[in-house]
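A quick write-up on the structure given underneath.
The values are calculated or read from the model by the stated rules, or taken from the named source; none is laboratory data. Not measured: the values here are computed from a predicted model. Here the Cβ positions follow ideal geometry from the backbone for every residue, glycine too, while neighbour counts run over all protein chains shown. Just so you know, the surface numbers come from the protein's heavy atoms only, side chains and all, with ligands and any DNA or RNA stripped out. Shrake-Rupley method; radii C 1.70, N 1.55, O 1.52, S 1.80 Å.
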Amino acid sequence: MKGKSVKVEVQNQLVKKKRPIPVAFYNYIGKKIGLPKSWGGLDENDLIRTARKKTCLNEFGDDQFLTPFRKLLESVKEEANLHPFGYFMLRIRMVDILSTRLKIEYFYKTYPEIDEIELSPVTLITGLQRTGTTKLQRLLAKDLGNRTLLSWEVLSPVPPKDFKSRKKDPRIADARFKEKFVRYIDPEFYKIHAVVYDEPEEEILLLDNAFLSTTPEAMFHVPAYASWLETQDQEPAYAYLKKQLKLLQWQNQKQRWILKTPHHLEFLPTLVNVFPDIKIIQTHRDPLKTLGSMCSLVEHTRSMFSDEVDLREIGRHWSRKTGIMVNNGLAFRDKTQPGRFLDVSYYDLIADTMKAVEKIYEFMEAPFSEEARKAMEIGAKVNPKNKFGKHKYTLEKYGLTAEKVDSIYKNYRAHFSIKYE
C-alpha cells in the first residue's frame with residue numbers, strides 16, 4: 001500500500017517519490033513535532049550509551065574509530081537533509097555498528113584463539129560498479145569449497161554469545177526481516193541490486209564497521225565526509241576487515257575466500273599491504289552503461305533517507321569518484337607484480353559463462369569440479385538477468401553526456417580495450 005507522493009526538487013527537475021503510508025505518516029508527524037532533534041537523533045554519546053545498554057558490554061577496544069565516526073555524524077547532520085524516518089533508520093544502523101564493535105571485542109577476549117587463525121586464500125572480485133561483480137560472486141558461491149559472505153553475515157558478523165548451543169541463528173531471521181523491509185520501502189531497488197538475506201553480499205559493510213568506507217556517500221549527501229575520507233589512511237579499515245574475516249572463518253571455514261566490492265579499486269595498495277597474497281579479479285564493462293546504472297542505484301538509496309535528492313549532484317560526484325577509482329587502479333597495476341590480476345570482460349561472462357569461470361579457477365589454481373560446474377549452471381538459470389524487472393536509466397537524467405563520460409574513462413577504456421555497448 002503506497003502513500004502520498006513526495007516532490008523532490010532537483011535543479012529544475014521534480015522527482016516524485018511514493019512512500020508507504022506508515023513512512024509518510026511518520027515523516028509528517030515527525031516534522032510537526034520536531035523529530036529527530038527532540039529525542040537526540042544522532043548524538044554521539046547517546047548512540048554509544050544505547051549500544052552499550054543493548055549489548056550489556058562496555059569495551060570497544062581500540063578507539064581509532066571515534067574520529068571517522070564523529071566526522072560522519074557531523075556531515076550527516078549538516079549536509080544530508082534526512083527526513084525523520086531517515087534519521088530513525090540511520091540511528092538504528094549506527095547503534096548496530098557500535099554494538100557489533102562491542103561484540104567483536106568480547107569474542108576476541110573470550111576466544112583468543114581467533115586471533116591466531118590464518119585466513120584461507122583470498123580471491124577478490126572488484127571493478128567499477130555494475131560490471132558483473134555480483135553475478136560473478138554469486139556464481140562462484142555455488143561451489144561449496146568457496147567461502148563468500150552472505151547478507152546476514154555482513155549485517156551481523158558476530159554470533160550470539162551462546163551460539164554453540166543454538167539450533168537456529170537469530171541473525172538470519174533479522175536479515176530476512178531487513179530484506180523484506182527494503183522491498184517495502186522501495187520495491188524498485190531490487191531491479192538494480194537484489195539484496196537477498198541468504199545470498200552473497202559485499203564486505204564493504206564490514207568496512208562500514210570502521211566508519212571508513214564509501215557507503216555513506218552512496219546513501220546520503222555527505223560531501224564533507226566524502227572529501228575527508230579521500231585524505232585518510234585506509235589501513236585501520238582493512239586491518240579491521242581482516243579481524244572480522246578471522247572471526248567469520250572461525251565460525252565457518254572453507255577452502256578459499258571469494259570477496260567482492262568495487263570500493264577496493266580505489267585503495268588497492270592498502271588492500272594488498274594487509275592481504276599480501278590476495279588474488280584480484282577485475283571486471284570490465286562499457287562505462288557509458290555502468291555509470292548511469294550506478295547513479296540510479298545512488299538515487300534510489302538516498303531517496304530512502306531524504307526528500308532532497310539532487311540528481312545532478314549524484315552525476316557530478318559519482319562520475320568524479322569512479323574516475324578516481326579506475327585511475328588509482330591503473331596506477332597500482334602499473335607497479336604490481338605479474339600474476340596478481342585477472343581481467344574478466346562482462347561481455348565474455350555473459351556470452352560464455354562457464355568458459356570465463358574456467359579461466360578464473362586456473363587463475364586461483366583451484367580445481368573446478370563437475371559438481372561445482374553443475375551447481376553454477378543451475379544457479380545461472382535460477383537467477384537470470386532482470387529477474388526482479390528491467391532496470392531503466394539514462395545518463396542525461398543525472399546531468400551527464402556520453403562525451404563527458406568518455407573523457408573521464410578514456411585511458412581506462414583504451415588500456416583494457418573496452419568496447420562500446
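Brief remarks on what is shown
- Scan of segment 72-94 for residues that are assigned to a helix (DSSP H, G or I), of a type in the set (A, V, I, L, M) and surrounded by 19 or more Cβ atoms within 10 Å (Cβ to Cβ), ordered by number: Leu72, Leu73, Val76, Leu90, Met94
- So Ala351, is it open to solvent by less than 50 Å² (accessible area, probe 1.4 Å) and of a type in the set (Gly, Ala, Ser): no
- Looking across segment 350-379, just one residue is outside any helix (DSSP H, G or I) and among the hydroxyl-bearing types (Ser, Thr, Tyr), and that is Ser369.
- Matching helices (runs of 4 or more DSSP H) fully within segment 242-337 where at least 3 residues are open to solvent by 40 Å² or more (accessible area, probe 1.4 Å) and at pLDDT 95 or above: 311-333
- Hey, Leu119 crowded, with 20+ Cβ neighbours inside 10 Å and touching a helix residue (DSSP H, G or I) at 6+ places or on another chain (Cβ under 9 Å) or not: no
- Any hit, segment 189-198, residues being touching a residue at least 12 places away in the same chain (Cβ under 8 Å) and small (Gly, Ala, Ser): yes
- Within the set Ser296, Ser306, the sole residue that is in contact with a Leu (Cβ under 6 Å, 6 or more places away or on another chain), within 30 Å of Thr394 (Cβ to Cβ) and in contact (Cβ under 8 Å) with a residue 24 or more places away in the chain turns out to be Ser306.
- The residues of segment 201-225 that are open to solvent by less than 20 Å² (accessible area, probe 1.4 Å), out of contact with any Lys or Arg (no Cβ under 6 Å at 6 or more places or on another chain), closer than 12 Å to Leu73 by Cα and assigned to a helix (DSSP H, G or I) amount to a single one, Pro216.
- Of the residues making up segment 175-196, those that are assigned to a loop (DSSP other than H, G, I, E, B) and either at pLDDT 90 or above or among the hydrophobic types (A, V, I, L, M, F, W, C) (or both) are Ala194, Val195, Val196.
- Residue list for segment 124-138, restricted to those being open to solvent by 10 Å² or more (accessible area, probe 1.4 Å) and either free of Cβ contacts under 8 Å to residues at least 12 places away in the same chain or not in a loop (DSSP other than H, G, I, E, B) (or both): Thr134, Lys135, Arg138
- The residue that is least open to solvent (accessible area, probe 1.4 Å), counting only those in segment 338-348 that are in a helix (DSSP H, G or I) and out of contact with any strand residue (DSSP E or B) (no Cβ under 8 Å at 6 or more places or on another chain), is Tyr347.
Yes/no per residue for (1) at pLDDT 95 or above; (2) more than 30 Å from Arg183 (Cα to Cα):
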position: Lys359; (1), (2): yes, yes
position: Phe363; (1), (2): yes, yes
position: Gly379; (1), (2): no, no
position: Asn386; (1), (2): no, no
position: Lys390; (1), (2): no, no
position: Lys397; (1), (2): no, no
position: Glu403; (1), (2): yes, yes
position: Arg413; (1), (2): yes, yes
position: Tyr420; (1), (2): no, yes
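- Residues of segment 160-190 classified as surrounded by 15 or more Cβ atoms within 10 Å (Cβ to Cβ) and over 25 Å from Phe88 (Cα atoms), total: 2
- Number of the exception - Ala24 against (1) without any contact (Cβ under 8 Å) to a residue 24 or more places away in the chain; (2) in contact with a Gly (Cβ under 9 Å, 6 or more places away or on another chain); (3) open to solvent by 70 Å² or more (accessible area, probe 1.4 Å): (3)
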